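Engineer: Structure incoming, see below.
The values are calculated or read from the model by the stated rules, or taken from the named source; none is laboratory data. Since we're looking at a predicted model, the values are computed, not measured. Cβ: placed from backbone, ideal geometry, glycine included. Neighbour counts: every protein chain shown.
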Amino acid sequence: MIEINLLPQELRKKEALRFVIPNIFNRRFVVTLAGVLLTAHAVLGALTVYQTTQRGRTQNQTDSLRELMKETIGRKSEIKAGKERLDQIERMTERQFSWAKLLNVLSDSVPKGLWLRSFTVEEEMGAAAGGRQPASPAPAKVHVLKLEGSVVGNGQETAVIGRFIKSLKEDAYFSLVFDEVEFFNITQRRIKSFSVYDFAIVCVFKNGKF
């Protein structure tokens, strides 16, 4: 049977439109999405741990390099100091005189009432060594042996010092090593009731002897 709706268009019953949303949020999709999110989270966590580890490793390498540089600098200093000691020993072995013989000469030349307190080797300008004016405007440096001592001579102090200097100059070995022996200075001091005179003598090494 055929039904014909003769009602006007505006009076006809309108059917509601239905929108059908596909059921995309099914169980499989949710599980897959959760797996993707967990995987992404794990990857990001791994990247964070890797970056942290790399930074720590880089810092450790930097610290190791710094320690290595310090150790290298320290070893260079030790090598330099060792070389200087070896050079000093080499210079001492190449000297043209013997300290043992020199000390024997000093001991044998000391007169009664005089004693030596110290002796040092110094480097001075030619003019300052003997107290004389140099022949050239630029004097060369010389090595000197400076003897310091004291004397008690009851008014004969300068004479005692003079005998000591004379004995040094007349010694054959001493004359072989030193070019000049000069009286440098003298000062007086008192120890209780005694007058003690402190003096200094400068002995100039010959060229090439020190």
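Engineer: Considering each residue of segment 165-196, count those that are closer than 18 Å to H143 by Cβ and of a type in the set (D, E), and give that number.
Structural biologist: Of the residues in that region, 3 qualify.
Engineer: Looking at segment 176-185, which of its residues are loosely packed, with under 15 Cβ neighbours inside 10 Å and either in contact with an Asp or Glu (Cβ under 7 Å, 6 or more places away or on another chain) or closer than 16 Å to W115 by Cα (or both)?
Structural biologist: If the condition is that a residue be loosely packed, with under 15 Cβ neighbours inside 10 Å and either in contact with an Asp or Glu (Cβ under 7 Å, 6 or more places away or on another chain) or closer than 16 Å to W115 by Cα (or both), then N185 is the only one that fits.
Engineer: Considering only segment 190-198, I want to know if a residue exists there that is among the hydroxyl-bearing types (S, T, Y) and modelled with pLDDT under 80.
Structural biologist: yes
Engineer: Still on this structure, I have one more. Consider segment 168-210. How many of its residues are out of contact with any strand residue (DSSP E or B) (no Cβ under 9 Å at 6 or more places or on another chain) and part of a loop (DSSP other than H, G, I, E, B)?
Structural biologist: Matching residues across segment 168-210 total 4.
Engineer: To continue, here is another question. I'd like the residue in segment 76-128 that is of a type in the set (A, V, I, L, M, F, W, C) and modelled with pLDDT under 75 and, out of all such residues, is nearest to the chain's Cα centre (by Cα).
Structural biologist: The selected residue is I79.
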